[in-house]
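Q: Sharing a structure below in structure tokens format, with a few things to ask.
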Amino acid sequence: MRPTTSLTGKKEVCLVGCLAHIRRHYEVAKEENESLAGYVLAQIQQLYRIEQIADQEELTYEQRMLRRQEQALPILEQLEKWMETAYPKVLPKSRMGQAIAYAYQLWPRMRNYLKDGRLKIDNNLAENAIRPIALSRKNFLFCGNHEAAQNTAIICSLLASCKASNINPREWLTEVIALLPYYAANKEKDLKELLPHCWESGNSKEL
């Protein structure tokens, strides 16, 4: 089962598509049909350009959302109509057919990044964060069992969150491990407070 399957339909979860994955499919399809794929890739480049300019202008999340609504939404709507028109004209199992089918299936989720300026247009940051894990697998090969593999994934995710939040992982682990018994004994305490993006060094001094 895909990890996102259990999240589908939950109101509190907003699933967002990845434009980088969609682009890769059209880059492959370009070898088969340069004109059709080239058109889509040009539109995708415009979407990334909007994000690049927003970064350069250091827009707030609210300003970025409004910019996307104004400039990116028309491009997404145009691409959606294009896919609906183009798909019947290509072979479903061709590279172009597969690229369109993949993108069209994800399109409702792809549009979700327009709703909030904090959301990313792709998940490249997440993929970069897990790249060390992929490299590490070549060294340690095995985790021992499924439970150990799950625990490894959890700790790697937490350490990646530390890096993203500019937190020293050694300091975070030292303090959080010391705090866990206190949180276990106080059911009113919320463990979410100890997550890297919520954590503040020195919490233990306040107890």
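The values are calculated or read from the model by the stated rules, or taken from the named source; none is laboratory data. Please read these numbers as outputs of a predicted model, since none were measured by experiment. In this analysis, Cβ positions are derived from the backbone assuming ideal geometry, glycine residues included, and neighbour counts consider all displayed protein chains.
Q: Can you tell me which of Pro132, Pro92 is assigned by TED's automatic domain parsing to the domain that holds Lys30 and either surrounded by fewer than 15 Cβ atoms within 10 Å (Cβ to Cβ) or among the acidic types (Asp, Glu) (or both)?
A: Pro92
Q: Determine the pairs where a residue that is at negative phi and touching a residue at least 60 places away in the same chain (Cβ under 8 Å), located within region 91-113, has a partner that is assigned to a helix (DSSP H, G or I) and of a type in the set (D, E, K, R) with Cβ atoms under 8 Å apart, the partner being 6 or more residues away or on another chain.
A: From residues that are at negative phi and touching a residue at least 60 places away in the same chain (Cβ under 8 Å), the pairs are Trp107/Glu80; Tyr113/Arg68.
Q: Regarding region 46-67, can at least one residue be identified that is among the small types (Gly, Ala, Ser), surrounded by fewer than 19 Cβ atoms within 10 Å (Cβ to Cβ) and modelled with pLDDT of 95 or more?
A: no
Q: Of everything in region 167-189 that's within 23 Å of Cys156 (Cα to Cα) and loosely packed, with under 11 Cβ neighbours inside 10 Å, which residue is modelled with the lowest pLDDT?
A: Among residues in region 167-189 that are within 23 Å of Cys156 (Cα to Cα) and loosely packed, with under 11 Cβ neighbours inside 10 Å, the one modelled with the lowest pLDDT is Ala184.
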